[in-house]
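S.K.: Here it is, the structure in full.
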Amino acid sequence: MNEEQRKQSSINILDERDKKAEKETKDYSKYFEHVYQPPSLKEAKKRGKQSVQYNDDFKIEEKYRNMGLGRTFLIKTYGCQMNAHDTEVMAGILSALGYQATDDINTADVILINTCAIRENAENKVFSEIGNLKHLKRERPDALIGVCGCMSQEESVVNKILKSYQNVDMIFGTHNIHRLPAILEEAYLSKAMVVEVWSKEGDVVENLPKVRAGNIKAWVNIMYGCDKFCTYCIVPFTRGKERSRRPEDIIEEVRGLAREGYQEITLLGQNVNSYGKDIEGIDYGLGDLLEDISKIDIPRVRFTTSHPWDFTDRMIDIIAKGGNIVPHIHLPVQSGNDAVLKIMGRKYTRESYLELVNKIKTAIPDIALTTDIIVGYPNETEAQFEETLSLYDEVEFEHAYTYIYSQRDGTPAAKMKDNVPQDVKKARLQALNKKVSYYSERAMSKYEGEIVQVLCEGTSKRDDTVLSGYTDKNKLVNFKAPKSMIGKIVDVKIDEAKQYSLNGTFVQQTQKTVVMP
Ligand code: 5AD
Ligand code: SF4
């Protein structure tokens, strides 16, 4: 078959798929030819406390090794750091199969969309992206398009793609990324869309290859999933139950990164405070892990995200010791009102949150606290919202990520009637953002005239004679310095504070003082 015939035959297949999908609006079971259990929110909630299995046997099977030779891939990533890190794993697997990375979507042979389900607008962006790719698939029928990440775990999304987006070749979920080689092979051979979404989480798979996005900062997963079930949140369903990696595997990975010269790591989990609780037979939590990692020669260690409910004194003590664990804690509060916190299922009160904040500030006076806040929760009153504002004044957060509540199907909050009009929610978000800006600017202005330590990451986006990087408290700093300082921690004297960044003058490379706890 020549190129033109091949193209025509693929277009016919696509047209057939479209026609079939239009006709058969009810029964999609015939598309599920492969290992497929429909993602089920009901199932997710029933999960028990079965112990986690560790799979150390991952390897690329010989038969797949040359699959990507002469082919390219591109992954578009939406959402949180967990997703960004999953992209690094998928890039690792694709590279091990022989594919080359490309930035050009018009020539990429495999295009993966790594999706986020946390709010409706994140999902809408993804659907418009997949819609835009319809044209590309018609032009280049041999290109494979895959949808993965959190949205793939939602039954409604899988059904919508099956019905309306026949240009998609593969849908796979968050629990079976390691199956990518087999899924790709299936997609090359199959005329139907390949759907492989595990509704139950699998094992913790170790030894997955990774192509990290940079060589200065790295993400390290310490656990997967979330068992908190905050009533608004889809994550416990899309990411499954809490599963911690073994301490020795994490420590080995961090040691390896230190040997490779990485300057900063971020320990990742949906709620890292729960780390270790699910590992049978050992009494080892996040405090222990932070203590062990603080002994490794890597200058900066961050962790995210912490739930205020189980933030322990032990963790505060370790950060207070001033080793490589940075004095920055992201502590999502979500609301300042007790009744709203209760229906959110957050398991703490305004008072206990403030107590924790005071404890942290007393033990670590130079701590930078940041947070997440949701406004316009169903039936939130003006007075309840005012309590969020007043809590912000009490804590004086250095920054906050703020959101209007977004209804997520299948979550308990989605069943609540909501009497707050959207324009009221928008006005509340605006009022809150004004406060956030005020305190962010104030936090920045304190640095004027100070010398700060900056991990220099590269040249500024706007001006390549300017270098930029972040302080340990995650403040962006721009300054002129030799390019040889990229990848190093340097002293910078701050001349000017702006709302979201600082401008300064390079002083010198920071003299290394090792502070061991
Ligand atoms: N609507 C709005 N914001 C949400 N978040 C999580 N779920 C929702 C939702 N349904 C926010 C929370 C969380 C952050 C990652 O996203 O503030 O901390
Ligand atoms: Fe969602 Fe709550 Fe878990 Fe965070 S702790 S991922 S907000 S359920």
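The values are calculated or read from the model by the stated rules, or taken from the named source; none is laboratory data. Values in this document were obtained by computation on a predicted structure and should not be read as measured data. Ideal geometry is used to build each Cβ from the backbone, glycine not excepted, and the neighbour counts take in all protein chains shown. Surface areas here come from the heavy atoms of the whole protein model, side chains and all, with no ligands, DNA or RNA. Shrake-Rupley method; radii C 1.70, N 1.55, O 1.52, S 1.80 Å.
S.K.: Roughly what would the spin-label model give for residue 104 and residue 51, points 7 Å off Cα along C-beta, in nm?
M.R.: Using points 7 Å along Cα→Cβ, the separation is 5.3 nm.
S.K.: I would also like to ask the following. How long are the three semi-axes of the equivalent ellipsoid for segment 332-445, computed from the Cα gyration tensor as the root of 5 times each eigenvalue, in whole Å, largest first? Can you show the working numbers first?
M.R.: Numbers: eigenvalues 127, 56, 25 Å².
Sorted largest first and rounded, they come to 25, 17, 11 Å.
S.K.: For segment 346-360 and segment 467-497, what is the separation of their C-alpha centers, rounded to whole Å?
M.R.: 34
S.K.: Mind checking the alpha-carbon convex hull of segment 213-262 and giving the volume per residue in Å³? Before the final figure, lay out the partial values.
M.R.: Details: hull volume 4.4 nm³, N = 50.
Dividing the Cα hull volume of segment 213-262 by its residues yields 89 Å³.
S.K.: Over segment 332-445, with the other protein chains present, what is the accessible area per residue in square angstrom, probe 1.4 angstrom? Don't jump to the answer; show the numbers that get you there.
M.R.: Values: 5230 Å² over 114 residues.
Accessible area per residue, segment 332-445: 46 Å².
S.K.: Can you give me the distance in nm between label points at residue 358 and residue 136, each placed 7 Å from the Cα along the Cα-to-Cβ direction?
M.R.: Taking the simple label geometry, residue 358 and residue 136 are separated by 5.4 nm.
S.K.: Express the accessible area of segment 178-311 per residue in Å², computed with a 1.4 Å probe while the remaining protein chains stay in the model. Display every interim value, and only then the final one.
M.R.: Values: 4670 Å² over 134 residues.
Per-residue accessible area for segment 178-311 comes out at 35 Å².
S.K.: On to the next question. Could you order peptides 60-66, 347-353 by the average number of other Cβ atoms within 10 Å of their residues, highest first? Write down the numbers at each step before the final one.
M.R.: On the way: 60-66: 11.7, 347-353: 16.3.
Sorting 60-66, 347-353 by mean packing, highest first, produces 347-353, 60-66.
S.K.: Using a simple spin-label model with points 7 Å from Cα along the Cα→Cβ vector, what separation in nm is obtained for residue 207 and residue 292?
M.R.: 2.0
S.K.: Let me ask something additional. Calculate, for residue 252 and residue 60, the FRET efficiency according to 1/(1 + (r/R0)^6) with r their C-beta to C-beta distance and R0 22 Å; round to the nearest 0.05.
M.R.: Values: r = 21 Å, r/R0 = 0.94.
Rounded to the nearest 0.05, the efficiency is 0.60.
S.K.: Report the calculated FRET efficiency for residue 462 and residue 484 (r = Cβ-Cβ distance, R0 = 25 Å), to the nearest 0.05.
M.R.: Numbers: r = 21 Å, r/R0 = 0.85.
Computed FRET efficiency for residue 462 and residue 484 comes out at 0.75.
S.K.: Can you tell me the 0 to 90 degree angle between the C-alpha axis of helix 81-96 and the longest principal axis of the chain, rounded to 10?
M.R.: Roughly 50 degrees, rounded to the nearest 10.
S.K.: Also, I was wondering about something else. Find the cysteines in the chain that fail to meet the 4.7 Å Cβ criterion with every other cysteine, and list them.
M.R.: 80, 116, 148, 150, 226, 456
S.K.: What number, in percent, do you get for the relative contact order of segment 451-509 if the mean sequence gap of Cα pairs under 8 Å and at least 6 apart is divided by its residue count?
M.R.: Working: 141 pairs, mean separation 19.9, N = 59.
Once divided by the residue count of segment 451-509, the mean separation gives 34 percent.
S.K.: Measure off, as a whole percent, the carbon and sulfur share of the 1.4 Å-probe accessible area of the chain, all protein chains present. Don't jump to the answer; show the numbers that get you there.
M.R.: On the way: 11370 of 23650 Å².
It is 48 percent, rounded to a whole number.
S.K.: Tell me, what is a quarter of the convex hull surface for the C-alpha atoms of the chain, in nm² with one decimal? Let's see the in-between values first.
M.R.: Values: hull surface 102.3 nm².
With every direction weighted equally, the projected area is 25.6 nm².
S.K.: OK, next. Scaled to the compact-protein estimate 2.2 N^0.38 Å, what is the alpha-carbon radius of gyration of segment 451-509, rounded to two decimal places? Intermediate values should be presented prior to the final figure.
M.R.: On the way: Rg = 9.7 Å, N = 59, 2.2 N^0.38 = 10.4 Å.
For segment 451-509, the normalised Cα radius of gyration is 0.94.
S.K.: Quick check: with the 1.4 Å probe, what order do 394, 206 take by accessible area, largest first? Numbers along the way, then the final one.
M.R.: Details: 394 110, 206 15 Å².
Ranked from most to least accessible, the order is 394, 206.
S.K.: As I understand it, the value is the acute angle between the Cα axis of helix 3-23 and the longest principal axis of the Cα atoms of the chain; what does it come to in degrees, rounded to 10?
M.R.: Compared with the principal axis, the helix lies near 80 degrees.
S.K.: To continue, here is another question. Pairs to check: 76/347; 461/493; 125/415; 76/228; 361/461; 63/191. Give those whose C-alpha atoms are more than 31 Å from each other in this structure.
M.R.: Working: 76/347 35 Å; 461/493 21 Å; 125/415 24 Å; 76/228 29 Å; 361/461 35 Å; 63/191 21 Å.
From 76/347; 461/493; 125/415; 76/228; 361/461; 63/191, over 31 Å: 76/347; 361/461.
S.K.: Which trypsin sites (Lys or Arg not before Pro) in segment 264-318 sit in a loop by DSSP (not H, G, I, E or B) and have at most 16 other Cβ atoms within 10 Å of their own Cβ? Walk me through the intermediate numbers first.
M.R.: On the way: sites: 277, 295, 300, 302, 314; in loops: 277, 295.
Passing both the DSSP loop test and the Cβ count: 277, 295.
S.K.: Solvent-accessible area per residue for segment 451-509 at a 1.4 Å probe radius, Å²? Before the final figure, lay out the partial values.
M.R.: Values: 3010 Å² over 59 residues.
Per-residue accessible area for segment 451-509 comes out at 51 Å².
S.K.: At a Förster distance of 35 Å, what's the computed FRET efficiency of residue 430 paired with residue 450, Cβ-Cβ distance as r, to 0.05? Don't jump to the answer; show the numbers that get you there.
M.R.: Values: r = 32 Å, r/R0 = 0.91.
Using R0 = 35 Å, I get an efficiency of 0.65.
S.K.: Next up: How high is the relative contact order of the chain, in percent, counting Cα pairs under 8 Å that sit 6 or more residues apart? Please list the in-between numbers first.
M.R.: Numbers: 995 pairs, mean separation 56.2, N = 517.
Worked out over the chain, it gives 11 percent.
S.K.: Aspartates and glutamates near residue 163 by alpha-carbon distance under 18 Å, same-chain residues fewer than 8 away left out - which ones?
M.R.: 15, 16, 18, 22, 24, 27, 33, 123, 129, 154, 155, 196
S.K.: Residues in segment 371-397 near a label at residue 442, defined as backbone nitrogen under 17 Å from the 7 Å Cα→Cβ point?
M.R.: Counting backbone N atoms under 17 Å from the label point, the list is 371, 387-397.
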